[in-house]
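Reviewing the structure listed below.
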Amino acid sequence: MNHHPGAPAPSQAAALNDPAPVPVDTHCPYCALQCGMTLVPDAEGRFSVAARDFPTNKGGLCRKGWTAAALLVSPERLTTPLIRDTKGGPLRAAGWDEALDLVAARFRDIRARHGADAVGVFGGGGLTNEKAYLLGKFARVALGTANIDYNGRYCMSSAAAAGSRAFGIDRGLPFPMADIAETDAILVAGSNPAETMPPLMQYFDAQRARGGRLIVVDPRRSATAQRATLHLQTTPGTDGALAAGLLHVAIRDGLTDPDFIAARTSGFEAVRRIAAQHWPDRVERITGVPERQIVEAAHILGEAATAMVLTGRGPEQQSQGVDNVSAFINLALALGKAGRPLCGWGTLTGQGNGQGGREHGQKADQLPGYRKIADPRHRAEVAAVWGVDPASLPGPGLSATELLDATAPGGAVKALMVLASNVVVSSPAAARVAENLRGLELLVVSDLFLSETAALADVVLPTAQWAEEDGTMTNLEGRVLRRARAQAPPPGVRTDAEVLQALARRLGCAADFSADAETGFAELRRASRGGLADYAGISYARIAAEDGVFWPCPDDDHPGTPRLFLDGFATPDGRARFAAVQPRPAAEVPDDDFPYWLTTGRVMGQYQSGTQTRRVPELAAAEPSAFVEIHPQTARGLGLAEGDMARLTTRRGSIAVRTRLTPAIRLDTLFVPFHWGDGQSANALTHAALDPISRMPEFKVCAVRIVRDAPPP
Amino acid sequence: MTKRKLVVVGNGMAGARAVEDVLARGGDALFDIVMFGDEPYGNYNRILLSGILNGSKTADDILINTPAWYAETGVKLHSGDRVVEIDRAAKTVRSAAGTVEPYDVLLIATGSKAFVPPFKGAMDADGRMKPGLFAYRTLDDCHGIAAFARTARKAVTIGGGLLGLEAARALGGLGCESHVVHLAGHLLELQLDATGGGMLRRTMEGFGLHVHTGKATTEILGEDRVSGLAFKDGTTIDCDMVVVAAGVRPNSEIGLRAGLTVERAIVVNDHMQSIDDRSVYAVGECAQHRGKVYGLVAPLWDQAKVFADHVTGHDAQAAYQGSKLATKLKVMGVELASMGITEPKDEHDEVIQFAEPKRGTYKKLIVRDGRLVGGILMGEISKAAYLMQAFDRDAPLPEERLALLFDLGAAPQAVSPEEMPAEARVCNCNGVSKGAIGAAVACGHRDAAAVMAATRAGMGCGSCRGQVEALTAYFADQAPPLAVAPEVPDEPSRLDGHVQARILEDGTFSLVPDTADGHCTPAQLLRIAEVAVKYNVPGVRLMAHDRIDLVGVPKDDLARIWDELYLAAAE
């Protein structure tokens, strides 16, 4: 593969500082599959992406992966710190010392006036394990703030909470993704891997080719649903009721596994009672899924010898996200489809290092190794590694949405440092978030590009990316992978680790902050030892030799753990726990003023808030802007034709986007992808109602109005 | 804070649900809860009683709240003990067994009882129902019917409503010759119009059920056990057993005796409180709200939720607004859905109707102001899920009325490579069209692996590989050997220092002459423009990084334009 025409030559400095570039085996910069790829230099030292036969993607890449090397030569790259001297004034270029001195001085000042918790930190699920770990340590030790959280809260927090509640441990998949091909039946709820993680589909395709059956739950007949044996086209926000209905049929028709329930679970009786209240007729009326399909789905899962239940952001990104996932876990448990080979519940997580990012301490309530910050023993263990007094560690802080809420005028947070996250695009009720950030005493943003969030900052720090620094990532299987450095960052750019090290020093912090990835990883291994997510036995050498290592891996001789729970669940009594969850309606339902459901999601050619992918020319050309999917029958009644500008309005905000007519969506539902900012931000519309446990916002369900934006010509 | 005492009279689907809802709102911290239930069980799902009757379920299968639930939640249940008196002045209730419980808040959820009209000969000398005569309402009723039916030959169900048809079906299944006698002119008159009722009747008769409409029963015949029925028109029918499913009556006497306003049932306000006493609530079939008494589960549970919100202070403004009535049932395999009104009521009401009597399919919708106000679906009811939701929510309906009745649009069919349009997407992951594959073949990639490498088709999820292979073979078969050969443009591809070519999604090409760092001579610029004009190149794009892109170049012109641009660049 060669370069996109029009990519500039690599910087002179990079060429001078580095030896002649060689092919480098690494992983994609984007989603949680972390597909293996090789970066191959051409004669001029410009990298292009070549396929790599790694055990996960087996050479497959989606268009995001194939074009990823364009990020390395983007002309929009930030290469110098930027400082805004006065609120509302312009950003100007500055030197690193000036920028770091300023940030440290302002942090000290704000801390002195408002207390340590007034400085907040917002991280990202794209950070390597080393950086996520370092950021958590920086917040707790150098800043002393409780208030650190990350955008993974928007992604996998509901699944994490439900998984921990049921199984005592939170890992995206309890089995390697290749097992998907071998199971007999799969239910996928609210995930569209055919569009969001295409290389994963080879396992689903292989499963069906073997005669396996696939059930997809989605308000849209998505690319994945089109490949399914059975598509359950739910009303947004009714996943929990559907799961309870499936369980009802399973119980009614004798499909459950009483021996498994008796021997390996607890709490079934209360769940049975709730299922008893969800007979198919009633569930049909709630979900819009015809009764016969509910019955068929329950039988497909219940009669299969092996089955998996996989959830995605659909059920998870709701104000009852944790309960929705629990309802699906309940189904898997009642059918005896967990803790056995080729069975189990898993979540198809989104972000590149969503898994590792939440294990090592950038979540408000956690410390490295998936330890709890409120647990005295856990605090002591981590404090010992950090060489600090356990009492000096702050307690649990605010979750992502609450942290951003606290940036409002009069709120507890006066300064915010944002890494690897574009919160102005990715947060619910986004307009208010932008307004709050503008009003902060200090907003510091580290990014590759001038993202929508960086554009609001007082200090912007240009950071190294993906192939410019070393580090490890943990993919959705719990496989720890190595992302290797292929070239030096452009001149003027520093790594986040270097920045955190420099800031810690300026803040007078005595603890160690190594900017070297492998040194950082060694410390992470020590800090995770004995935790649920135990990395103690994983080394860079082993990762290279073994195509990644699955955690938990407590020591050098341990083979790692590709499959969890076969001998017992990670609960105190070894039993999986049913959760008695009663489905509730969405926080906002359509009414006369806002008569349609709105749901949001992804397109193949873009990733997350689009900060990176919108700057890759080929991807930008493929999906240049946001749009609204609407059923042709619904559109016709509203006088909307294909490609018309439509105005969507909710109680939070309003955007204008082009229509895309498709019979693949429900008549009562609209879909908008969320990768764009400005006037096209889906999250200007979404609802910030939070799940009471995971604090996940309700991205996937709200009520919306749609009208033609301009009069017909 | 000392807890108050909530006493719930009735342990059926409304009462038990109300208590669950109270507990879900933290009510156990507010109240000590005591329940009285007439039946000696936990709470069971009355909806599923037909399963008991036809033997497909046991009592355990339909229990919602088992005795263990009451123990776990700390709710004290007096089962099999009915409340006989409410003393509102003393704020106590007294049960038949003599238990007296004081209350701070009282919830009446006594439901309803089967209505057995005063037929002559219904009762024996002791005032009990004659052997062979049954009501159809409770778990015990079902057990009794099922046991008796084993020895019976011919059974008659009085009442052709939802419950009656369910019972008649079950009796047929138990081996009886099953008859239904119905007072109204057609079956299910609350849910169906005459056309639908007539069609249902013929369908049911086709399954062996005997239907007698317009029949008013006057007498239960038989000396010491049922032997037949006599009707007002003078005719009779002989049978071994009779099941009465002629409707229900609210159990509201207890309210009446307590001095509460009772019309058809206990009259409540929007908070489900008695209009006479704020410490007394009523929900379910014993409550009358805005003139209506509801008998279906969904409204009962809506009421229970309002009660729980209100009594716990979770939402002090919680108000019940009434419910929309819709039902689904399946009788002898005939699926039926009915919602709202069955006949238009207003001259502007729009009626959309389809009937195919031979297949037992009937569909009728009544639309007012673009919203669904009534509907009947019988036989083929695949649209029921959508329509019932639209009815429930008063949602705007699509303009295309036909789409309300049928799933329009055939499933996509497999098309041959030849039939496929050039712009058709083959590889979704990498955005490769049929045309792009054709172009790759034309450029010399004559096997699938080469085409995949050149276009990336099939290099994502891989599901289109078969199609890529088929298309490659198709194009390779018809493609003549290349005469003029720009050598194999990869995608995207750099051919030499002077011109870059790239295959676009629609199968045309993009050509980028090298204008190094934006530098070119005026003559070169002119030459590029001339070439573009000469070959009618549809688009010229001034790109970032100081380049010029000629886009939409057709395959046939590629080589010639290529040559001319090469010359221009080399000048």
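Before moving on, here are some points about what is shown:
- Flag for A:Asp557 being within 16 Å of A:Asp534 (Cβ to Cβ), more than 28 Å from the chain's Cα centre (by Cα) and of a type in the set (Asp, Glu): yes
- Scanning region A:253-264 for residues that are touching a residue at least 12 places away in the same chain (Cβ under 8 Å) and within 14 Å of chain B (Cβ to nearest Cβ) yields A:Asp253, A:Leu255, A:Thr256.
- Checking each residue in region A:590-610 for being within 12 Å of another protein chain (Cβ to nearest Cβ) and within 21 Å of A:Asn192 (Cβ to Cβ) picks out A:Tyr596, A:Trp597, A:Val603, A:Met604, A:Gly605.
- All of A:Ala515, A:Ala467, A:Ala486 fail the test of being part of a helix (DSSP H, G or I) and either touching a residue at least 12 places away in the same chain (Cβ under 8 Å) or on the phi > 0 side of the Ramachandran plot (or both), apart from A:Ala467.
- Pairs, first within 17 Å of B:Ala457 (Cα to Cα) in region A:57-85, second in a loop (DSSP other than H, G, I, E, B) and among the charged types (D, E, K, R), C-beta under 6 Å, six or more apart: A:Gly59/A:Asp53; A:Trp66/B:Arg456
- In region A:99-113, the qualifying residues are those that are touching a strand residue (DSSP E or B) at 6+ places or on another chain (Cβ under 7 Å), over 29 Å from A:Thr613 (Cα atoms) and not β-branched (Val, Ile, Thr), and the one that is surrounded by the most Cβ atoms within 10 Å (Cβ to Cβ) is A:Phe107.
- Subset of region B:57-78 [in a loop (DSSP other than H, G, I, E, B) and aliphatic (A, V, I, L, M)]: B:Val75
- Being of a type in the set (A, V, I, L, M, F, W, C), under 27 Å from A:Pro193 (Cα atoms), in the same structural domain as A:Asp458 (by TED's automatic domain parsing) and out of contact with any His (no Cβ under 6 Å at 6 or more places or on another chain) holds for only one residue in A:Val423, A:Val413, A:Val388, and it is A:Val423.
- Restricting region A:611-635 to residues that are in contact (Cβ under 8 Å) with a residue 60 or more places away in the chain and in contact with a strand residue (DSSP E or B) (Cβ under 8 Å, 6 or more places away or on another chain), the residue that is nearest to the other protein chains (Cβ to nearest Cβ): A:Ile630
- A count restricted to region A:367-399 and to residues that are at negative phi and either part of a loop (DSSP other than H, G, I, E, B) or without any contact (Cβ under 8 Å) to a residue 12 or more places away in the chain (or both) stands at 19.
- Count of residues meeting criterion [within 14 Å of chain B (Cβ to nearest Cβ), out of contact with any helix residue (DSSP H, G or I) (no Cβ under 8 Å at 6 or more places or on another chain) and either surrounded by fewer than 16 Cβ atoms within 10 Å (Cβ to Cβ) or among the β-branched types (Val, Ile, Thr) (or both)] in region A:53-96: 2
- Within region A:635-649, the residues that satisfy the criterion of being open to solvent by less than 50 Å² (accessible area, probe 1.4 Å) and within 22 Å of A:Phe699 (Cβ to Cβ) are A:Ala646, A:Leu648, A:Thr649.
- Within region A:400-450, being crowded, with 24+ Cβ neighbours inside 10 Å, assigned to a helix (DSSP H, G or I) and not hydrophobic (A, V, I, L, M, F, W, C) holds for one residue alone: A:Ser426.
- Scan of region B:293-305 for residues that are more than 14 Å from every other protein chain (Cβ to nearest Cβ) and either more than 19 Å from B:Ser112 (Cα to Cα) or open to solvent by 30 Å² or more (accessible area, probe 1.4 Å) (or both), ordered by number: B:Val293, B:Gly295
- Scanning region A:532-591 for residues that are open to solvent by 40 Å² or more (accessible area, probe 1.4 Å) and in contact (Cβ under 8 Å) with a residue 40 or more places away in the chain yields a total of 18.
- Condition met for A:Ala7 (part of a strand (DSSP E or B), modelled with pLDDT under 95 and within 14 Å of another protein chain (Cβ to nearest Cβ)): no
- Residue in region A:185-203 that is more than 14 Å from chain B (Cβ to nearest Cβ) and either open to solvent by 30 Å² or more (accessible area, probe 1.4 Å) or of a type in the set (Asp, Glu) (or both) present: no
- Within region B:248-292, restricting attention to residues that are surrounded by fewer than 17 Cβ atoms within 10 Å (Cβ to Cβ) and assigned to a helix (DSSP H, G or I), the residue that is nearest to the other protein chains (Cβ to nearest Cβ) is B:Glu253.
- Boolean, A:Val322 is more than 14 Å from every other protein chain (Cβ to nearest Cβ) and either closer than 27 Å to A:Phe260 by Cα or buried (at least 24 other Cβ atoms within 10 Å of the Cβ) (or both): yes
- Scanning region A:565-589 for residues that are in contact with an Asp or Glu (Cβ under 7 Å, 6 or more places away or on another chain) and within 11 Å of chain B (Cβ to nearest Cβ) yields one hit, A:Val581.
Residues are listed down the side, and each one gets a yes or a no for (1) under 30 Å from B:Gly144 (Cβ atoms); (2) in a loop (DSSP other than H, G, I, E, B):
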site	(1), (2)
B:Lys5	no, no
B:Ala18	yes, no
B:Val22	no, no
B:Asp32	no, no
B:Tyr41	yes, yes
B:Ile47	yes, no
B:Gly51	yes, no
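- Options B:Ser56, B:Ser50: the member that is within 14 Å of chain A (Cβ to nearest Cβ), open to solvent by 20 Å² or more (accessible area, probe 1.4 Å) and in contact with a Lys or Arg (Cβ under 8 Å, 6 or more places away or on another chain): B:Ser50
- Matching strands (runs of 3 or more DSSP E) fully within region A:650-701 where at least 1 residues are buried (at least 23 other Cβ atoms within 10 Å of the Cβ), assigned by TED's automatic domain parsing to the domain that holds A:Gly610 and in contact (Cβ under 8 Å) with a residue 60 or more places away in the chain: A:669-673, A:687-690
- 3 or more residues within 9 Å of chain A (Cβ to nearest Cβ): qualifying strands (runs of 3 or more DSSP E) within region B:321-413: B:326-331
- Region B:432-444 - residue that is open to solvent by less than 10 Å² (accessible area, probe 1.4 Å) and within 20 Å of A:Glu623 (Cβ to Cβ) and, of those, nearest to the other protein chains (Cβ to nearest Cβ): B:Val432
- Filter result (of a type outside the set (D, E, K, R) and surrounded by 18 or more Cβ atoms within 10 Å (Cβ to Cβ)) within region B:231-247: B:Ile237, B:Cys239, B:Met241, B:Val242, B:Val243, B:Val244, B:Ala245, B:Ala246
The values are calculated or read from the model by the stated rules, or taken from the named source; none is laboratory data. Since the structure is predicted, the reported quantities are computational estimates derived from the model, not experimental observations. Backbone-built Cβ (ideal geometry, glycine too); neighbour counts: all protein chains shown. Quick note on the areas: whole protein, heavy atoms, side chains included, nothing else; ligands and nucleic acids left out. Shrake-Rupley method; radii C 1.70, N 1.55, O 1.52, S 1.80 Å.
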